[in-house]
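*Asks:* Below are the structure tokens for one structure; questions will follow.
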Amino acid sequence: MIEITDLHKSYPVGNRKLHVLKGINFSAKEGELISIMGSSGSGKSTFLNVLGILDEGDEGSYTLDGTSIKNLSEKVAANYRNKFLGFIFQSFNLINYKTALDNVALPLYYQGVGRKERLEKSLFYLEKVGLADWADHLPSELSGGQKQRVAIARALASDPKVLLADEPTGALDTKTSYEVMDLIQQINEEGKTILIVTHEPDIAKMTKRIVHLKDGLIINDERIEPVKALANV
Amino acid sequence: MFNIERWQEIFEAISKNKLRTFLTGLSVSSGIFILIILLGIAEGLRKGTKKQFENDIPTKIQFFAGRTGKSYKGLNPNRKIDFSPKDYAAITNKYKDEIQFESPVLVRYGAITNYKENNGSYIIFAVKPDSQFLNNAYLISGRFINQRDYDNKAKVVVLGQRPIKDLFGGNYKEAVGKIVVINNTNYKVIGVFEDEGGERQDTYMYIPHSTFSTLYNMPNNIGRMEFTLNPSDSYDEGLNRLEDFGWQVKNYLHKAHNVHPDDNKGIVFRNMYTQGKNIYMVNLGMKFFFWGIGILTLLSGIVGVSNIMLIIVKERTKEIGIRKALGAQPKSIVGMILQEAIFITTISGFLGLFFALGLLEFAGPYIQTDVILNPNVPFSVAVFTVILLIIAGAIAGYIPARHAAKIRPIVALRDE
């Protein structure tokens, strides 16, 4: 599903260049649930941005579901993001003047799905995250956990190949975090490939594979038996 | 364009920033408002000046005597020329087959006129009988000066609307036959006329030219000369004949008064054609000027909208980032911002347009001065303004939209 070889990335900082990713080799198969760990400045967010085609590496190759991601125009990048990827952010990033339903429908809108079908599909995914009754509410009327579940529904709506989650539980309390992780585990059980960036070990333990980043390199990559989130709720 | 979701977004953005959108819209509205009002005034000016001249006969030509501009045959420049009865007789005789109406005109301003205890100051026009037709004086009571009045140097007067109003309280029927005192001389009122030309013509008082010459002792100065020529088959032919006639008479008078052939000051003639051309040029200049002001005002409105849209884009950076992460194409972001800018300018522009058109529609007909008459704006101009508005909106939205399209999703999504 994901093939990355010798990925380099640097940012200009003043006159100097800050070398963030220093040759990453990484691959993920379909149906994996992977956590990417590392202290701040380890390059984990940059790595996720490259994975999410929000940013591009300077060197190395990246293949996503058989498609080489290289020198994409903005238009094609937008297209790939829409088709291949679903994003879940730490701060939810819902559009605050749209209802939960409309937020979920947004990726479908950019896919050109008709309004009626769009809303039907969105409602289906809202049901899936247990928020069908909250479809007409604005994000400001939802709790943090509910917001993140709406965001997950939105990420699922376009039926992407890969879900990318950047600190999905970073803004939530422990109980809500585990509820969200339970949902993520369920989605993974259904076969979706999911990558989670986190710095919380207990969250990482709920995934099937932990990748440790340090100073722009992968220093550890191990498969584990995931802890069931539900058991901790 | 016809996407409900996008319209919802636009209304959402507008309703979140009501005051700001209102102020922005106001600048565009006032721009269009001023443009339309100015164009209306320009149109009113055009109609006003046209109206001033339309009552005069198009084939009318006037000759004026002034002061020479060049020395000639040992004569100094700045020499005053007077038309004499001899000149007049020679011209009317030479061109008697061509001339339709003819009259010399002596004018005296500020003629104090009394009737009983009422008085006023008006303009004396000393003329021959033909002047009734030369000046389109329409008689509403009595008669005009006739040949016998002229031959007998009769002290008779034909009054305009103003003296009738001041001296007779507007009762023009009563005026005929009464004696009025003009500059201490008694005149019998023989008629009352109306002139569509305007307020100035209303203050005229026509008396026989011969009477004036004698009373004011001006035997060798007949004032200016006015003629119309016999009708021509076509307008253009008429104009050519009038122009020819003008130059021939002018050349003749130059010789008679020893004026340099190229002197363009001593003796001048004016006809409706040349006069109309001058007025047209002035009007055209005004129009360009007004358009210029209007467009510049509109431009400042556009800059305002553009500025506001830039702020909106800045504020919505995160939202635009989210949209891009979710797969929004750059062109859909550009379209969104552009559409909002066009929407704001068009709506507020339309408001300004309707306000201005409404004002012109209701207030315009009440404006009936000599200079500005019923100002309004032709439909074609209104349509053009609408097109201008939409273009303005697009220009206003272009820079902010490009800004929005360049937003990189990671920058937008980065948590503070």
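*Asks:* Kindly establish whether B:Ala363 is free of Cβ contacts under 8 Å to residues at least 60 places away in the same chain and either β-branched (Val, Ile, Thr) or within 14 Å of another protein chain (Cβ to nearest Cβ) (or both).
*Replies:* Working: free of Cβ contacts under 8 Å to residues at least 60 places away in the same chain: yes; either β-branched (Val, Ile, Thr) or within 14 Å of another protein chain (Cβ to nearest Cβ) (or both): no.
The answer is no for B:Ala363.
*Asks:* To continue, here is another question. Quick check on my filter: what residues within the stretch A:175-202 are touching a helix residue (DSSP H, G or I) at 6+ places or on another chain (Cβ under 8 Å) and of a type in the set (Val, Ile, Thr)?
*Replies:* A:Thr176, A:Val180, A:Ile184, A:Ile187, A:Ile194, A:Ile196, A:Val197, A:Thr198
*Asks:* Quick one: how many residues across the stretch B:278-328 are of a type in the set (S, T, N, Q) and within 14 Å of chain A (Cβ to nearest Cβ)?
*Replies:* 1
*Asks:* Given the criteria without any contact (Cβ under 8 Å) to a residue 40 or more places away in the chain, more than 14 Å from chain B (Cβ to nearest Cβ) and crowded, with 19+ Cβ neighbours inside 10 Å, does A:Leu131 qualify?
*Replies:* yes
*Asks:* Just the residues that are in contact with a helix residue (DSSP H, G or I) (Cβ under 6 Å, 6 or more places away or on another chain) and at pLDDT 90 or above, please, taken from the stretch B:190-218.
*Replies:* B:Val192, B:Thr203, B:Pro208, B:Ser210
*Asks:* When you go through (1) surrounded by fewer than 17 Cβ atoms within 10 Å (Cβ to Cβ); (2) modelled with pLDDT under 90 one by one for A:Lys44, which number turns out not to apply?
*Replies:* (1)
*Asks:* Give the residues of the stretch A:57-83 that are more than 20 Å from A:Lys9 (Cβ to Cβ) and crowded, with 21+ Cβ neighbours inside 10 Å, sorted by residue number.
*Replies:* At the first step, the residues of the stretch A:57-83 found to be more than 20 Å from A:Lys9 (Cβ to Cβ) are A:65-66, A:75, A:78-79, A:82-83.
Result: A:Ala78, A:Asn82.
*Asks:* Here is a follow-up. Under the condition of being in a strand (DSSP E or B) and among the β-branched types (Val, Ile, Thr), which residue from the stretch A:54-98 is nearest to the other protein chains (Cβ to nearest Cβ)?
*Replies:* Per the criteria, the residue is A:Ile88.
*Asks:* Mind listing whichever residues of the stretch A:104-146 are more than 19 Å from A:Gly86 (Cβ to Cβ) and either polar (S, T, N, Q) or part of a helix (DSSP H, G or I) (or both)?
*Replies:* Scanning the stretch A:104-146 gives A:Arg115, A:Lys116, A:Ala132, A:Asp133, A:Trp134, A:Ser140, A:Glu141, A:Ser143, A:Gly144.
*Asks:* Could you please find all residues in the stretch A:62-103 being small (Gly, Ala, Ser) and either under 18 Å from A:Leu195 (Cβ atoms) or at pLDDT below 90 (or both)?
*Replies:* Within the stretch A:62-103, A:Gly66, A:Ser68, A:Ser73, A:Ala77, A:Ala78, A:Gly86, A:Ser91 qualify.
*Asks:* Right, something else. If I filter the stretch B:67-79 down to residues being out of contact with any Ser or Thr (no Cβ under 9 Å at 6 or more places or on another chain) and surrounded by 14 or more Cβ atoms within 10 Å (Cβ to Cβ), which single residue comes out as nearest to B:Leu134 (Cα to Cα)?
*Replies:* Looking at the filtered set, the residue picked out is B:Thr68.
*Asks:* Right, next: Would you mind finding the one in A:Glu120, A:Glu167 that is farther than 25 Å from A:Ser45 by Cβ and more than 8 Å from chain B (Cβ to nearest Cβ)?
*Replies:* Values: A:Glu167 fails: farther than 25 Å from A:Ser45 by Cβ.
It is A:Glu120.
*Asks:* Only one of B:Tyr150, B:Tyr138 is aromatic (Phe, Trp, Tyr) and within 30 Å of B:Ile267 (Cα to Cα); which?
*Replies:* B:Tyr150
*Asks:* Among the residues of the stretch A:18-29, is any out of contact with any His (no Cβ under 6 Å at 6 or more places or on another chain), assigned to a loop (DSSP other than H, G, I, E, B) and either away from every other protein chain (no Cβ under 14 Å) or small (Gly, Ala, Ser) (or both)?
*Replies:* Yes; the residues of the stretch A:18-29 include at least one that is out of contact with any His (no Cβ under 6 Å at 6 or more places or on another chain), assigned to a loop (DSSP other than H, G, I, E, B) and either away from every other protein chain (no Cβ under 14 Å) or small (Gly, Ala, Ser) (or both).
*Asks:* Could you name every one of the strands (runs of 3 or more DSSP E) located completely within the stretch B:133-228 that has at least 1 residues being within 19 Å of B:Tyr109 (Cα to Cα) and of a type in the set (A, V, I, L, M, F, W, C)? Reasoning before the result, please.
*Replies:* Working: elements: B:138-142, B:156-159, B:179-182, B:185-194, B:204-208.
Because the criterion is at least 1 residues that are within 19 Å of B:Tyr109 (Cα to Cα) and of a type in the set (A, V, I, L, M, F, W, C), the strands (runs of 3 or more DSSP E) in the stretch B:133-228 that meet it are B:156-159, B:179-182, B:185-194, B:204-208.
*Asks:* Continuing with this model, one more query. Which one of these is among the aliphatic types (A, V, I, L, M), surrounded by fewer than 21 Cβ atoms within 10 Å (Cβ to Cβ) and at pLDDT 80 or above: B:Ile61, B:Ile34?
*Replies:* Values: B:Ile61 fails: surrounded by fewer than 21 Cβ atoms within 10 Å (Cβ to Cβ).
Residue meeting the stated conditions: B:Ile34.
*Asks:* Of the residues that sit in the stretch A:147-189 and are part of a loop (DSSP other than H, G, I, E, B) and of a type in the set (A, V, I, L, M, F, W, C), which one is surrounded by the fewest Cβ atoms within 10 Å (Cβ to Cβ)?
*Replies:* Within the stretch A:147-189, the match that is surrounded by the fewest Cβ atoms within 10 Å (Cβ to Cβ) is A:Ala171.
*Asks:* Which one of these is over 20 Å from the mean Cα position of the chain (by Cα), under 28 Å from B:Glu315 (Cα atoms) and of a type in the set (Lys, Arg): A:Lys98, A:Lys116?
*Replies:* A:Lys98 is the lone residue from the list that is over 20 Å from the mean Cα position of the chain (by Cα), under 28 Å from B:Glu315 (Cα atoms) and of a type in the set (Lys, Arg).
The values are calculated or read from the model by the stated rules, or taken from the named source; none is laboratory data. A quick note: this is a predicted structure, and the numbers were derived from the prediction, not measured. Backbone-built Cβ (ideal geometry, glycine too); neighbour counts: all protein chains shown.
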